[in-house]
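As structure tokens, the structure follows; a few thoughts come after it.
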Amino acid sequence: MEKDLFDVTEINRGRLIGNLERLILTIVVAAGSYAALGFLVAAKGLIRSEDLQDRDFAEYFLVGTLSSVLVALCSGVLIRFTLMSLWPELLSLQMQ
């Protein structure tokens, strides 16, 4: 019997973390707090800094992070634009 090549628990954990990350980033962008977006991405890199010594992992991490941020940024801007179109008074409630 062959040993599994993939750790299913690790993959599921990674998916959950990625989904939560995109949700948080989307909310931050929709709220207009772009500085928090930069902080979250920097904090993620700092947490994984030791793992980034491996070039293959670093490239995998960078592609995953940038694609995740791109999806969250586009989603957040779309949500923000939609909310501002439907409810213009939100402009006065922006996060600073």
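Figures for the structure shown
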{"quantity": "Criterion: modelled with pLDDT of 85 or more, closer than 22 Å to LEU83 by Cα, exposed (fewer than 15 other Cβ atoms within 10 Å of the Cβ) and within 10 Å of the chain's Cα centre (by Cα) - qualifying residue of ILE17, ILE24", "calculated": "ILE24"}
{"quantity": "Subset of the range 42-56 (residues that are at pLDDT 85 or above and part of a helix (DSSP H, G or I))", "calculated": "ALA42, ALA43, LEU46, GLN53, ARG55, ASP56"}
{"quantity": "Neighbours by Cβ (under 8 Å, 6+ apart or cross-chain): first from the range 7-21, assigned to a helix (DSSP H, G or I); second of a type in the set (Lys, Arg)", "calculated": "GLU21/LYS44"}
{"quantity": "Within the range 27-44, tally of residues that are over 12 Å from the mean Cα position of the chain (by Cα) and not polar (S, T, N, Q)", "calculated": "5"}
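The values are calculated or read from the model by the stated rules, or taken from the named source; none is laboratory data. Keep in mind that what you see is a predicted model, and the values were worked out from it rather than measured. Counting neighbours? That spans all protein chains shown, and the Cβs are built from the backbone with ideal geometry, glycine included.
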